[in-house]
Amino acid sequence: MPSTATSVPKTAPAQNTPTAGWVSNRQYIDTFMDGCAKIQRELDRENIDRAMDVLFSAWENDRTVFTIGNGGSAGTASHLASDLNKMTALPDVRRMRVMSLVDNICLFSALVNDDGWEHVFTEQLTNFYKPGDMLVAVSVHGGAGKDKAGAWSQNLLKAIQWVKDRGGKTIGLSGFDGGAMKEVCDVCIVVPYNTTPHVEGWHVVLHHLLAFGVAERIAAHEGRRLLRS
């Protein structure tokens, strides 16, 4: 008796063809890495040098360094504060004081709720800032551009101006064309590239360079030698 079972058509094997606009993994990787090499060649090392001097002077003069950022840059600001505190901690040597203003979510959200997003950093600085303290602000676009909520990073620009109005030094880490931060900060290191992943990635490279470089300088100042890998 013939079978009455319906035959199920076999699914065609998936084709390893790129989607619209996509070239290949390898070409994307090569293009991304070529961008990193271009940034490495074109970064302004004089401003990195100046930023290291400002951070070292904060330790030398017993000042507090505050760090700020939004989104992924908030993570970089927090990481920078952690590394500057930890890497400069030497036995029997005065410690560097560094405070991230993005980490206390209870305070942060209360300030946003009650005082508005644009004041979330200046309100904290009003609590903690003392004359001579300094600020590091991290922003991909440096305050240029806008989205659904309006102009980007206005809370950072307000904080930078707040510190400058009180005589404090400011360092910016930015990208693209530097944005307003390039003009307002005492020192602004601009990652010369126009994609967010490249800029944010290089901000992490720069924050490690700054933190470990300052740590080495403090150690040398105290006649010590860092043995950290």
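Being among the hydroxyl-bearing types (S, T, Y) and closer than 19 Å to G72 by Cβ, is that true of even one residue in region 148-166?
Among the residues of region 148-166, at least one is among the hydroxyl-bearing types (S, T, Y) and closer than 19 Å to G72 by Cβ, which makes the answer yes.
The conditions of being touching a residue at least 24 places away in the same chain (Cβ under 8 Å), of a type in the set (G, A, S) and open to solvent by 10 Å² or more (accessible area, probe 1.4 Å) are not met by G142.
Taking V214 as the residue in question, decide whether it is of a type in the set (A, V, I, L, M), within 15 Å of the chain's Cα centre (by Cα) and either in a helix (DSSP H, G or I) or under 27 Å from L125 (Cβ atoms) (or both). Spell out how you get there, then give the answer.
Working: of a type in the set (A, V, I, L, M): yes; within 15 Å of the chain's Cα centre (by Cα): no; either in a helix (DSSP H, G or I) or under 27 Å from L125 (Cβ atoms) (or both): yes.
Considered against the rule, which asks whether it is of a type in the set (A, V, I, L, M), within 15 Å of the chain's Cα centre (by Cα) and either in a helix (DSSP H, G or I) or under 27 Å from L125 (Cβ atoms) (or both), V214 comes out as no.
If the requirement is being touching a residue at least 60 places away in the same chain (Cβ under 8 Å) and crowded, with 22+ Cβ neighbours inside 10 Å, which of these qualifies: V120, V136? Exactly one residue qualifies, and that residue is V136. With respect to (1) of a type outside the set (A, V, I, L, M, F, W, C); (2) surrounded by 20 or more Cβ atoms within 10 Å (Cβ to Cβ); (3) not in a strand (DSSP E or B), the lone exception for S174 is condition (3).
Counting only residues that are under 19 Å from E200 (Cα atoms) and assigned to a strand (DSSP E or B), region 152-169 holds 0 of them.
Conditions tested, residue by residue: (1) open to solvent by 20 Å² or more (accessible area, probe 1.4 Å); (2) modelled with pLDDT under 95.
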{"site": "L80", "(1), (2)": "no, no"}
{"site": "D92", "(1), (2)": "yes, yes"}
{"site": "N104", "(1), (2)": "yes, no"}
{"site": "S109", "(1), (2)": "yes, no"}
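List pairs: first residue in region 187-205 and at negative phi, second residue open to solvent by 50 Å² or more (accessible area, probe 1.4 Å) and in a strand (DSSP E or B) anywhere in the structure, Cβ distance under 8 angstrom, at least six positions apart or on different chains. Pairs that qualify, where the first residue is at negative phi and the partner is open to solvent by 50 Å² or more (accessible area, probe 1.4 Å) and in a strand (DSSP E or B), are V187/K169. If you filter region 184-223 down to residues that are farther than 14 Å from A77 by Cα and among the aromatic types (F, W, Y), you find that the one that is least open to solvent (accessible area, probe 1.4 Å) is Y193.
This table checks each residue for (1) open to solvent by 90 Å² or more (accessible area, probe 1.4 Å); (2) in contact with a Leu (Cβ under 8 Å, 6 or more places away or on another chain).
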residue: N25; (1), (2): yes, no
residue: D30; (1), (2): no, no
residue: M33; (1), (2): yes, no
residue: R45; (1), (2): yes, no
residue: D53; (1), (2): no, no
residue: T64; (1), (2): no, no
residue: N70; (1), (2): no, yes
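Residue selection: Y129 fails the criterion of being in contact (Cβ under 8 Å) with a residue 40 or more places away in the chain, touching a helix residue (DSSP H, G or I) at 6+ places or on another chain (Cβ under 6 Å), at negative phi and of a type in the set (F, W, Y).
Which residues, counting only those in region 141-188, are more than 19 Å from the chain's Cα centre (by Cα) and either at pLDDT below 95 or of a type in the set (V, I, T) (or both)?
Pass one, region 141-188, residues more than 19 Å from the chain's Cα centre (by Cα): 147-150, 162, 164-168.
Within region 141-188, D147, K148, A149, G150 qualify.
The values are calculated or read from the model by the stated rules, or taken from the named source; none is laboratory data. Predicted model only: the values in this text are computed from it and were never measured. Using ideal geometry, Cβ is built from the backbone for each residue, glycine included, and neighbour counts are taken over all protein chains shown. Side chains are part of the model used for accessible areas, which takes the heavy atoms of the whole protein and leaves out ligands, DNA and RNA. Shrake-Rupley method; radii C 1.70, N 1.55, O 1.52, S 1.80 Å.
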